[in-house]
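What follows is calculated from the coordinates using simple rules that are stated; it is not laboratory data. What you are looking at is a predicted structure, and each value in this text was computed from that prediction instead of being measured. All Cβ positions, even for glycine, are placed from backbone atoms using ideal geometry, and neighbour counts span all protein chains on display.
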Amino acid sequence: MSQSGATVNEECITAYNDLKLNKKYKYVIFKLSDDNKEIVVDSTSESGPEYDDFREKLINAKTKGAVGKGPRYAVYDFEYNLASGEGVRNKITFIAWSPDDAGIMAKMVYASSKEALKRALPGIATEVQANDADDIEYDSLVKTVSKGTAA
Amino acid sequence: MAQQPLPSSVQPTDVYGGDEVSAIVLDPGYINTRAGFAGEEMPKQVLPSFYGHITSSNRDVFGDQAMYPRADFEIRNYMNRDSVVEDWDAATKIWEHALVNRLGIPRPTPPSKNGLNNKPKPAAEGEDVEMADEADLDETENYEKPMAENPLLMTEAAWNSPKQREKAIEICMENWACPAFWLSKTPVLAAFAAGKATALVLDVGGSNTSVTAIFDGMVLKRSVQRSPVGGVWLSSQIRSLFEASEPKVEVVPTFMVENKKPVEAGQPADARLKTFDFQISPSFRAYEEERVLKEFKESVVEVWRGPGRYLAPGNEDYAKNLPGRVFEMPDGSNQMWREQRFKVAEGMWDDNAAFPSATEEGKITKAQTVPGLIKAALDSIDVDVRPALLANVVVTGSTSLLPGFTDRLNHELTAMFPSVKVKLHAAGLSSERRFGAWIGGSILGSLGTFHQMWISRKEYEENGPGIVEKRCK
């Protein structure tokens, strides 16, 4: 398979485990380092767990030295009530954020490096590929992630 | 005087591993072959995959400049209509022409000329060396290792056979002595260049239209669908349109016209044709006619945008009242094209609307239309994956640049899948659609991290050409 060969920095796995096992974060956002060689942590929910902040961060992400928006990877721990009333569910979701107006170089690098990161993060429940602001609306994401079982 | 490159023996062996790789990207298609250096935005060389063969001297000539009327001259193509290499000898020659002669890959200097073995002489000696190099420029065959310092990234159709893939790495390693090789599938590169690891790629090319589902960067083999409904087929539809016109429209290629006088629309041409004292071969004439048809395609033909098919009641009458376009043939005859502009491309969507074709291969079925291909591709894969694919439809290939194409596609898909979100991704820049796969390969090949992915010369020598099946999945 055609992969970029970019590596995953150890801190990504640490941050992911903090999210998954220690519930320290609600989300972690990853990016490629400026030289495109490795995937590093861009930011976490340390500043606050609100979904809107997370969404803003993605929408305003940039690629260094390029015009337009920048792609990112993110992991979000969705929590929702089942419509059947059977309680609460958690789903760790991988989001490949690649806005359509990002540069072609950045899009290519992110798309061809994604598998490396995904394979380094065990226990991802679902994956979403998002390309514009509408794709990362909270309600529509929960609907996708829960396969329509959320309240 | 330009600095002489280091001979390969003293260069670090991992030279292609650094960021300064001068990797080459080669993207062969039925109409064009695209070649250039990785990291550049556009392929430097776009040359026809057709080439000329001079039967009297059994010689091949390449490139647009070589295609002029001459005696004993046939036009051939090294690819077949399936976008797969048919004639490997010609392919090797044409690629070498594109890469070594046209792209100007700096060649390693032979030891006799690299200056290290020269006896000390006064300063004038440097000029002699350069002139000697100049004289050798055309003799590619003299260089045993024309690309000893350039890794090569090649593209292939999703349906390329294992045998074909092994042949590609063999030529790269044995004939050109490349230090490293990689083979990427065109729909994967096009999807990645659109920022998507999961996508349904619709590639509307010259000799083929194909639909391929990509999931997490892998081609879903069962999904691959293709049909001849591409640019060449469209040309045959234009021919049928000309045949059916009243009066018939003759295609007189540019090279036959000596001079012409302006005539009123719809009047017979008033032109004097050139005469040649040798026979013009049918293949050359067909190649030149194709150029005229291509121009017609680019300036006149338009896709009926929908909603609904062109044959739906009322649409044709509406199209008749739309502003038409005038097209002037090389011989000066010209006429206004109105509803025919839409009709000629409608067969891509609706087999009932296609012009009857004189040849067997020009006839198409419902399954070969664009909606038919997409339906078949989706039917062949898991139900759960379909929504993700329909939300990421990547449109590429130069025939997709027909005005109205994406509008119509959107209408067709939303009508076919009313309950699913359909989203098209078609690059706005025409170059990104024409060279989508090449550009993707260019970025990939330029990444410093990609050096660990290349199949190295050593791996090839240890495992043989079969390595390509294992590595380039």
**Nearby aspartates and glutamates by direct alpha-carbon distance to B:Lys44 (threshold 16 angstrom, same-chain neighbours under 8 apart not counted)** = B:Asp27, B:Asp64, B:Glu96, B:Glu432
**Asked** Among B:387-393, B:277-283, what's the highest-first ranking by average C-beta atoms within 10 angstrom per residue?
**Response** B:387-393, B:277-283
**Size of the protein assembly as shown as Cα extents on the principal axes (Å, biggest first)** = 88, 86, 40
**Request:** Please average, across the residues of B:448-455, the number of beta carbons from any other chain that are within 10 Å of each residue's own beta carbon, and give a whole number.
**Result:** 5
**Request:** For B:Lys274, list the lysines whose Cα falls under 25 Å from its own Cα; do not include residues on the same chain fewer than 8 positions away.
**Result:** B:Lys248, B:Lys260, B:Lys261, B:Lys294
**Item:** Alpha-carbon centroid distance for the pair the stretch A:1-68 / the stretch B:449-470, whole angstrom
**Value:** 32 Å
**Fill in**
A correct fewest-to-most ranking of B:His425, B:His53 by other Cβ atoms within 10 Å would be B:His53, B:His425
**Fill in**
Expected integer from the mean partner chain Cβ neighbour count at 10 Å over B:196-202 is 4
**Message:** Please list log₁₀ I(q)/I(0) at q = 0.18 Å⁻¹ for the stretch A:7-145, using the Debye equation with identical point scatterers on the alpha-carbon positions.
**Reply:** -1.01
**Item:** Near-label residues of the stretch B:207-233 by backbone N, under 13 Å of a point 7 Å along Cα→Cβ of B:Val84
**Value:** B:226
**Message:** At 1.002 mPa s and 20 °C, plugging the Kirkwood radius over alpha-carbon pairs of chain B into Stokes-Einstein gives what diffusion coefficient in µm²/s?
**Reply:** 87 µm²/s
**Fill in**
Assertion target for B:Trp349, B:Trp88, ordered by fewest C-beta neighbours within 10 angstrom first, is B:Trp88, B:Trp349
**Beta bridge orientation in chain B: antiparallel %, DSSP, nearest 5** = 70 percent
**Fill in**
For the stretch B:231-353, the Kirkwood Rh over every pair of distinct alpha carbons, in Å, works out to 15.7 Å
**Message:** Could you work out [θ]222 nm for chain B from helices alone, using -39500 (n - 2.57) per DSSP H run of at least four and dividing by all its residues? Round to the nearest 500 deg cm²/dmol.
**Reply:** -8000 deg cm²/dmol
**Asked** How many Å³ per residue does the convex hull of the Cα positions in the stretch A:35-91 occupy?
**Response** 113 Å³
**Asked** Within the stretch B:324-397, which GluC sites (Glu not before Pro) sit in a loop by DSSP and count at most 12 neighbouring Cβ atoms inside 10 Å?
**Response** B:Glu360, B:Glu361
